[in-house]
């Protein structure tokens, strides 16, 4: 076996296992999640612990870090059962990053970033108009995996409406060259999705 360092998470500070995870599981897609509080205050925050679960029904998930008090996003989805995932592109990357700050509860990140809220069709939270793909979601389940520091909760939501820019869409396929999505790396790093290659799955 090649030379490898064995790390036991049980005896390693959580801050260090976090670094290992975000440096190893790369690139990660970004869920730019818009929510609204029970009192009508808008919230917008990015999450890179994000992925698809299944297609029938269409279900996505994102993980929200444990906080006391909880982050606005998690509090809002618990209260309303709704959220919108907005796909992050190179064009809106800097404005997305503005929304990643640890703002006080009740701050509207749409105003912080200058992004535009657009009315959704099925859910109450608005979509980000500048994002070319929006997914309106209703919460199916919230799993509190760990409430310890560096813990988190998994939010699982069914997509009840897609909104896709026509220029990206052909026969239900998304053109990645036009989309220009970005992904998350470790630390302060991000990646573009311009360098791609195809491989044909074996017919077994």
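The values are calculated or read from the model by the stated rules, or taken from the named source; none is laboratory data. Source: prediction; values computed, not measured. When we count neighbours, we look across all protein chains shown, and the Cβ atoms used for this are built from the backbone with ideal geometry, even at glycine.
Please tell me if residue 159 is closer than 20 Å to residue 118 by Cα and within 16 Å of the chain's Cα centre (by Cα). Before the answer, list the steps.
Working: closer than 20 Å to residue 118 by Cα: yes; within 16 Å of the chain's Cα centre (by Cα): yes.
In short, yes.
Residue 116 - would you say it is surrounded by 17 or more Cβ atoms within 10 Å (Cβ to Cβ), touching a residue at least 12 places away in the same chain (Cβ under 8 Å) and within 28 Å of residue 189 (Cβ to Cβ)?
The answer is no for residue 116.
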Test for residue 93: is it more than 25 Å from residue 55 (Cβ to Cβ) and in contact with a strand residue (DSSP E or B) (Cβ under 9 Å, 6 or more places away or on another chain): yes
Output for the stretch 168-204, where each listed residue is in contact with a helix residue (DSSP H, G or I) (Cβ under 7 Å, 6 or more places away or on another chain) and either more than 16 Å from residue 92 (Cβ to Cβ) or surrounded by fewer than 10 Cβ atoms within 10 Å (Cβ to Cβ) (or both): 174, 175, 186, 196
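List the strands (runs of 3 or more DSSP E) that sit entirely inside the stretch 1-93 and contain at least 2 residues that are closer than 20 Å to residue 112 by Cβ, at pLDDT 95 or above and touching a helix residue (DSSP H, G or I) at 6+ places or on another chain (Cβ under 6 Å).
On the way: elements: 31-36, 42-47, 50-55, 58-65, 82-87.
Result: 31-36, 42-47.
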